[in-house]
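The values are calculated or read from the model by the stated rules, or taken from the named source; none is laboratory data. What you see is a predicted model, and the numbers here were worked out from it, not measured in a lab. Cβ atoms come from the backbone with ideal geometry, glycine included; neighbour counts cover every protein chain shown. Calculation scope for accessible area: heavy atoms of the full protein, side chains included, ligands and nucleic acids excluded. Shrake-Rupley method; radii C 1.70, N 1.55, O 1.52, S 1.80 Å.
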Number of protein chains: 2
Amino acid sequence: MDERYVSLAHGNGGRLTRELIEEIFARHLKNSHLDTSADAVPIDLAPGDTPMITTDGFIVQPLEFPGSDIGALAVNGTVNDLAVSGARPQFLTLNAFIEEGLEFNRLDRIIKNLARAARAAAVHVVAGDTKVVPRGHGGELYLATTGVGIKKRDLQLGTDRIKTGDVMLVSGPVGDHGISIMLARESFELKGDVRSDCAPVVALCEALHNLAGLRFMRDPTRGGLATVAHEIAQATGTRLRMFEKNIPIRPEVQSVCEILGFDPYYLACEGRVVAFIAPDEADTALEKWRQLPGGELAARIGVVEVGKARVILETKLGGERILEELEDDPLPRIC
Amino acid sequence: MDERYVSLAHGNGGRLTRELIEEIFARHLKNSHLDTSADAVPIDLAPGDTPMITTDGFIVQPLEFPGSDIGALAVNGTVNDLAVSGARPQFLTLNAFIEEGLEFNRLDRIIKNLARAARAAAVHVVAGDTKVVPRGHGGELYLATTGVGIKKRDLQLGTDRIKTGDVMLVSGPVGDHGISIMLARESFELKGDVRSDCAPVVALCEALHNLAGLRFMRDPTRGGLATVAHEIAQATGTRLRMFEKNIPIRPEVQSVCEILGFDPYYLACEGRVVAFIAPDEADTALEKWRQLPGGELAARIGVVEVGKARVILETKLGGERILEELEDDPLPRIC
């Protein structure tokens, strides 16, 4: 059994750095593009299409939680930003900030799962870098991933395409990721079966590409569904009306939220898509989603209206409340 | 005067995150490609050439030091990895892991300098992400940058092209960056005029592109000149002979090294290039370098020989010593 720990010397660029990279990172992430000895690597991008790029950092705590871990999260978080932008994810780069003292076994398990997530999302990790920070100057492991994908030139998506009457869809229940992290933290005594929804949304996004009425997609991560709704209301300058009774939330997520006083609309998802689409194509989009893994509970949850830029939630009891922009952090280090 | 500090709430994805990004990151990094509201952004890459990608993390301490700071370092570190690979750097993405409590003013100064370095290297920062980690779980500020550049298809560089008799060149004095960091740390009482050599090496690298005898380039960062020499000896399976009398080192760097017992060959540079070139083109390459800013003290420092894969240093006194692979870390958090 491997009882080694990452030491500061693993970050010095010498023999130990090379061994750490070869034993853990290169071993799991091996692919024809990855060259850990190169300063930069070539990437093949289909000519004629538009290369798209995005980047994301990950500081989730704990590193491992029901249904996923920081490794898979670092892949899916970036893959999904490309997917909702209309791009097919192709290449990732990976940065690891490792805190002195992290167990080799734990790092190995996480990078192995990261590699599995990359295969599942059909992306290649082609370049990376590791840094080791002293004990007490890190959070066990922070990751950053940058993704490059390819978008068809004729696929146009943007908040500027959203019109009054457009429908807001969500591909599945919200809040699972946030609640799974919360339950994984020792300070909470609650037990539950909630697992993170962390998954690639590439297939869900591509399923809608052929619909001419597709306006815009976004994944409701940090800040949750309410934050996406706010961003849209702000960007379009219109009122967004959401229907509480239609927003899918698992009963166990709802229970935990009620006990702890969290609003599920502000909790992060890591495998969901919000789409804005012309009203006459909303049902077609929902049908497509419901046939795909992760899209079974897709729902029509809102509509774009004329009015002051804000988000109105129609409650189950028939009342209305304004979903305010997130101020305090309900749950830090969720991704 | 701005006396604000970054709080955990600046990392929650809501209003404060948006303000932090707009007030500091977007303000300084503004360019036509950057869209802080988009999940992913398009990048224009010249058709016909080869896109290259690289990534690097930065944990230097202190954040600001004579001659540069972590912001400029994060640009030049990644830009230089593209440049030595033969690519012209074009686009960067930026990740910031900010520790709770960092002063707004300090972050602002660093991101301003990062933006200045990006302009100097002619790259656009097109996408970014910020995360805030709790006090005691970070190092004030960690950065990661990913760079995309374009390499001419007919430019072939690689350690597999290095042959016996090839000459090793360095573009300038080594160890300046490492010593400047050391002097900036309060624990050292020494004062000196050493400034970091942190700079883009794009022009130095491009100056050699037309030389058919150019085999390979690398920037001697973490682990220094000796580590690059080792990597080459290992990769080519040949003996590398280096000449101590020819290796440029500033007298003030040499003095500090002697007092503190550091070997300058293992100290990081952040604005130097090592090149391997056919012997008949070495002088031409040196002439080109010496005409460029930062290349004035370029020198011929070694030769590739037949023999067991190792690095031999011919000392000034005519003796020989083996430059071993770096084991202990002489100076952590140098980049």
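Within the range B:142-156, if we keep just the residues that are surrounded by fewer than 23 Cβ atoms within 10 Å (Cβ to Cβ) and within 13 Å of another protein chain (Cβ to nearest Cβ), the residue that is nearest to B:LEU94 (Cα to Cα) turns out to be B:ILE150.
Run down A:PRO264, A:PRO332, A:PRO248 and say which single residue is within 21 Å of the chain's Cα centre (by Cα), more than 14 Å from every other protein chain (Cβ to nearest Cβ) and closer than 25 Å to B:GLY11 by Cβ.
Every option except A:PRO264 fails the conditions.
If only residues of the range A:86-100 that are out of contact with any Ser or Thr (no Cβ under 7 Å at 6 or more places or on another chain) and of a type in the set (Gly, Ala, Ser) are counted, the one that is nearest to A:LEU157 (Cα to Cα) is A:GLY86. Residues in the range B:96-141 that are acidic (Asp, Glu) and surrounded by fewer than 23 Cβ atoms within 10 Å (Cβ to Cβ): B:GLU99, B:GLU100, B:GLU103, B:ASP108, B:GLU140.
Within the range B:1-22, if we keep just the residues that are more than 14 Å from every other protein chain (Cβ to nearest Cβ) and open to solvent by 70 Å² or more (accessible area, probe 1.4 Å), the residue that is farthest from A:GLY178 (Cα to Cα) turns out to be B:MET1. Is it the case that B:SER32 is surrounded by fewer than 17 Cβ atoms within 10 Å (Cβ to Cβ), touching a helix residue (DSSP H, G or I) at 6+ places or on another chain (Cβ under 9 Å) and either more than 7 Å from chain A (Cβ to nearest Cβ) or part of a loop (DSSP other than H, G, I, E, B) (or both)? No. Checking each residue in the range B:279-306 for being assigned to a loop (DSSP other than H, G, I, E, B) and open to solvent by 10 Å² or more (accessible area, probe 1.4 Å) picks out B:GLN291, B:LEU292, B:PRO293, B:GLY294, B:GLU296, B:LEU297, B:VAL306. Using the structure shown, decide if A:ASN95 is within 24 Å of B:SER37 (Cβ to Cβ), under 14 Å from the mean Cα position of the chain (by Cα) and either at pLDDT below 95 or not charged (D, E, K, R) (or both). For A:ASN95, the condition - within 24 Å of B:SER37 (Cβ to Cβ), under 14 Å from the mean Cα position of the chain (by Cα) and either at pLDDT below 95 or not charged (D, E, K, R) (or both) - is not met. Restricting attention to the range A:58-88, and to residues there that are open to solvent by less than 10 Å² (accessible area, probe 1.4 Å) and over 24 Å from A:SER171 (Cβ atoms), which single residue is farthest from the other protein chains (Cβ to nearest Cβ)? Across the range A:58-88, the extreme among qualifying residues is A:LEU63.
From the list A:ILE247, A:ILE259, the lone residue that is β-branched (Val, Ile, Thr) and at pLDDT 95 or above is A:ILE247.
Only a single item in (1) away from every other protein chain (no Cβ under 13 Å); (2) more than 15 Å from the chain's Cα centre (by Cα) is not met by A:ALA118, and it is number (2). Do we find that A:ARG27 is farther than 24 Å from A:THR146 by Cβ and more than 7 Å from chain B (Cβ to nearest Cβ) in this structure? When the stated conditions are applied, A:ARG27 does not pass them.
For the range A:226-239, the count of residues that are open to solvent by less than 60 Å² (accessible area, probe 1.4 Å), more than 14 Å from chain B (Cβ to nearest Cβ) and in contact (Cβ under 8 Å) with a residue 12 or more places away in the chain is nonzero. Of all residues in the range B:202-219, exactly one satisfies the criterion of being within 11 Å of chain A (Cβ to nearest Cβ) and touching a Ser or Thr at 6+ places or on another chain (Cβ under 7 Å), namely B:PHE216. Condition first: free of Cβ contacts under 8 Å to residues at least 12 places away in the same chain and not assigned by TED's automatic domain parsing to the domain that holds A:PHE58. Can you find one or more residues in the range A:260-272 that meet it? Scanning the range A:260-272, I find at least one residue that is free of Cβ contacts under 8 Å to residues at least 12 places away in the same chain and not assigned by TED's automatic domain parsing to the domain that holds A:PHE58, so the answer is yes. Selection within the range B:35-46: residues that are assigned to a loop (DSSP other than H, G, I, E, B) and over 26 Å from the mean Cα position of the chain (by Cα). The member of this set that is surrounded by the most Cβ atoms within 10 Å (Cβ to Cβ) is B:ALA40. Pairing residues of the range A:62-87 that are free of Cβ contacts under 8 Å to residues at least 60 places away in the same chain with residues that are among the charged types (D, E, K, R) and open to solvent by 10 Å² or more (accessible area, probe 1.4 Å), at Cβ distances under 8 Å and at least 6 apart in sequence or on separate chains, gives A:ASP69/A:ARG109.
Looking at the range A:307-325, can you tell me whether even one residue there is open to solvent by less than 10 Å² (accessible area, probe 1.4 Å), closer than 23 Å to A:VAL202 by Cα, in a strand (DSSP E or B) and at pLDDT 95 or above? No, because not a single residue in the range A:307-325 is open to solvent by less than 10 Å² (accessible area, probe 1.4 Å), closer than 23 Å to A:VAL202 by Cα, in a strand (DSSP E or B) and at pLDDT 95 or above.
Tell me, which residue of the range B:241-278 that is within 14 Å of B:VAL228 (Cα to Cα) and hydroxyl-bearing (Ser, Thr, Tyr) is least open to solvent (accessible area, probe 1.4 Å)? Here the answer is B:TYR265.
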